[in-house]
Amino acid sequence: MDLWSVHVKNTNLLLRNSICEKPFVSNWKVFEIRVPKRQTFYLSSGSGYNSFLVKAMGKKNSDNSNSSSSSGKGPEEDSQKRSNPSSGNDSSKNAGAPKSHQKPLDWREFRASLYIQEQQVATAVSDTHKQEGTSFGPKALPLKWAHPISAPENGCVLVATEKLDGVRTFERTVVLLLRSGTRHPQEGPFGVVINRPLGKKIKHMKPTNLDLATTFADCSLHFGGPLEASMFLLRAGASSELPRFEEVIPGVCFGARNSLEEASVLVNKGVLKPQDFRFFVGYAGWQLDQLREEIESGYWYVASCSSNLIFAGSQTSSSESLWGEILQLMGGQYSEVSRKPKQDI
C-alpha cells in the first residue's frame with residue numbers, strides 16, 4: 001500500500017453540526033495583541049517587566065490604534081527602557097555593570113507572556129493576603145504553556161470538548177490547525193490530529209515510495225483525520241532554510257508528497273534527522289464556515305500552545321494525555337474539564 005497515492009475525495013468533516021445550539025461562550029477573559037508575525041520581542045525579567053506588561057494591558061492608545069506597538073517606540077525599545085530606568089545620557093554609570101539576560105520571544109510567546117501576566121495580576125488582586133509591593137511577574141516563560149484564544153489561526157490547536165465524547169473519530173483529540181482557511185477564498189481550514197499514534201511504523205505498511213521505504217522506514221505513523229490524504233510534520237529547529245516546507249509556527253513545518261523527496265535529501269545530508277518527522281495518515285478539514293459554527297456550538301476549545309507540546313503528543317502512548325495536559329495548562333474551567341470522566345453517548 002502506498003500511503004502517498006490516495007486522493008482527497010471530499011472536503012467535508014465527518015462531524016457536521018445540524019442542530020442549532022447556544023453558542024459557546026467562555027468565562028475567561030482573553031487578552032490579545034496584534035503584532036507583526038515575524039516581530040521579535042525582548043522582555044527583561046526585572047521589575048520593569050511587570051510595569052511594562054501591566055501598562056500594555058490597561059492603557060488605551062490615545063491615537064485610536066488597535067495595536068500596542070503602534071506608538072513611535074516599539075515594544076522592544078519600550079521594555080528595555082523600563083527595565084533600566086536609570087539609563088540616560090550618561091552611559092558611564094552602567095559601563096561596568098553586567099548586562100541582564102534577555103530572551104528573544106516570537107509574537108506567540110510574547111502574547112503568552114501577556115496572558116500569563118494578566119492571570120497573575122488577577123490572582124494577586126483577588127488575594128487579600130498578598131502584601132503590597134509583592135512581585136508576581138513571571139521571570140521566564142514556562143517550558144510548556146497553553147492558553148485560550150478567541151478565534152482560530154494558523155498553528156493553533158483545537159481541543160475537543162465534552163460534546164465530542166462518544167464521537168470516536170474526534171473524542172479527546174487535539175487538532176493542530178495547519179491553515180485557518182483565510183489565505184484563499186476557496187480553501188477551508190484543515191489540520192491533523194496530533195495525539196492518535198497508530199502503533200505502527202511506515203515499513204509495516206510496505207510502502208512503494210522509495211523514500212518512505214528507506215529513509216523514513218522506522219518513523220512512526222499517526223492518525224491525522226478522516227479525510228484521505230497523508231502528510232508530515234517537521235520539527236525544523238535551527239534549520240531556517242527549508243523552502244519546500246510551509247511553516248506553521250516557528251520551528252514547526254508541514255509537507256506532503258510533493259516535498260517528500262526534498263525531505264529525504266535533507267536527512268541524507270545530515271541537516272535533519274528521521275526523528276524530526278511525524279507522519280500522518282489522513283487529515284481533518286472543514287468547509288469555510290463549518291469550523292466557526294462548530295466552535296460556536298461548543299465542540300472545540302481554541303488555544304495557542306508551545307511547540308514542544310505538539311511533538312510530545314505524537315510520542316505518548318495514551319491519546320488522552322496531551323488532551324488533558326493542554327486543558328490543565330489553560331487553567332480554570334478548562335482544567336476542570338480535563339478531570340471529568342468521559343461521557344459515552
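Report D for the range 173-250 in µm² per second (integer): Stokes-Einstein, Kirkwood Rh on Cα pairs, 20 °C, 1.002 mPa s. Intermediate results must be reported in sequence, preceding the final value.
Details: Rh = 14.5 Å.
Answer from the Stokes-Einstein relation: 148 µm²/s.
Under 5 Å between amide hydrogens, which residues at least 5 positions from Glu246 or on another chain qualify, with H placed 1.01 Å from N in the peptide plane?
For Glu246, the qualifying residues are Phe254.
Might you work out the accessible area of Ser321 for me, using a 1.4 Å probe with all protein chains in place, and round it to the nearest 10 Å²?
Ser321 has an accessible surface of roughly 50 Å² with all protein chains in place.
As an exercise, identify the trypsin sites (Lys or Arg not before Pro) in the range 184-266 lying in DSSP coil whose Cβ has no more than 16 other Cβ atoms within 10 Å. It would help to have the intermediate numbers written out before the result.
Numbers: sites: Lys200, Lys201, Lys203, Arg235, Arg244, Arg257; in loops: Arg244.
Of the trypsin sites (Lys or Arg not before Pro), the ones in loops of the range 184-266 whose Cβ has at most 16 other Cβ atoms within 10 Å are Arg244.
Between their Cα atoms, which of Lys203/Lys269; Lys163/Lys273; Lys201/Lys269 are more than 28 Å away from each other? Don't skip to the answer; put the middle values down first.
On the way: Lys203/Lys269 22 Å; Lys163/Lys273 39 Å; Lys201/Lys269 23 Å.
Violating the 28 Å limit, Cα to Cα: Lys163/Lys273.
The values are calculated or read from the model by the stated rules, or taken from the named source; none is laboratory data. Small disclaimer: the values here were computed from a predicted structure and weren't measured. No Cβ is skipped: glycine too gets one built from the backbone with ideal geometry, and neighbour counts run over all protein chains shown. All accessible areas refer to the heavy atoms of the entire protein, side chains included, with ligands and DNA or RNA removed. Shrake-Rupley method; radii C 1.70, N 1.55, O 1.52, S 1.80 Å.
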